[in-house]
Amino acid sequence: MEARIALIGIIVEDMDAVGRLNAILHDYNQYIVGRMGIPYHQKCVSIISVVIDAPNDVISSLSGKLGMVPGVNIKTVYSKLSTGKDGTACGN
């Protein structure tokens with residue numbers, strides 16, 4: 001199945017949700033290219049960005065599960081590029 005690259009932006013407003021959030025991300029770790037988390041102590045939130053390379057149904061599933069966690073807001077942005085069966089998109 002053809003894979004796409006996506007960026008999932010996550011804002012955690014309830015720190016009690018972090019355990020559930022990390023468990024979900026762990027379940028999809030084979031698709032995660034990179035992850036960056038920024039604690040924003042002044043506003044009492046954490047901001048996480050996750051880059052994923054996966055089939056559309058996997059990205060949708062992950063986004064849906066993350067979006068159902070109370071105290072977590074997410075938005076997913078898809079690349080217009082898709083990666084082929086060999087994982088390349090740029091012809092290298």
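FYI, it's all coordinate maths here, none of it is from the lab. In this text, all values refer to a predicted model and were calculated from it rather than measured experimentally. No Cβ is skipped: glycine too gets one built from the backbone with ideal geometry, and neighbour counts run over all protein chains shown.
How large is ³J(HN,Hα), in whole Hz, for each residue of the stretch 41-58 in order, when computed from phi with the Karplus curve 6.51 cos²θ - 1.76 cosθ + 1.60 and θ = phi - 60°, using x for Gly and Pro?
For the stretch 41-58, the Karplus-derived couplings read 4, 4, 10, 6, 9, 10, 10, 10, 10, 10, 9, 10, 10, 7, x, 3, 5, 5 Hz, x marking Gly and Pro.
Under 13 Å from the 7 Å Cα→Cβ point of Met36, by amide nitrogen: which residues of the stretch 45-84?
So the set is 47-51.
What residues have an amide H closer than 5 Å to that of Val45, excluding those fewer than 5 places away on the same chain, when H is modeled at 1.01 Å from N in the peptide plane?
Long-range HN contacts for Val45: Tyr40.
Residues with amide H under 5 Å of Arg4's amide H, sequence separation 5 or more or different chain, H placed in the peptide plane at 1.01 Å from N; which?
Ala54, Asn56, Thr83
Return, for the Cα atoms of the chain, the radius of gyration and Dmax in Å, separated by a comma.
13.9, 44
With a 10 Å cut-off between alpha carbons and a GNM built on the chain, which of Lys75, Lys65, Lys43 moves the most?
Lys43
Which of the aspartates and glutamates could be linked to Lys80 by a straight reach, that is with a Cα gap under 19 Å, when you skip same-chain ones fewer than 8 residues away?
Glu2, Asp53, Asp57
What is the sum of charges around Ile24, taking Lys and Arg as +1, Asp and Glu as -1, for the other residues whose C-beta is under 14 Å from the C-beta of Ile24?
Summing Lys and Arg as +1 and Asp and Glu as -1 gives +2.
Calculate one ³J(HN,Hα) per residue across the stretch 25-31 by plugging θ = phi - 60° into the Karplus curve 6.51 cos²θ - 1.76 cosθ + 1.60, and present them in order as whole Hz with x for glycine and proline.
Coupling constants for the stretch 25-31: 4, 4, 5, 10, 4, 5, 9 Hz.
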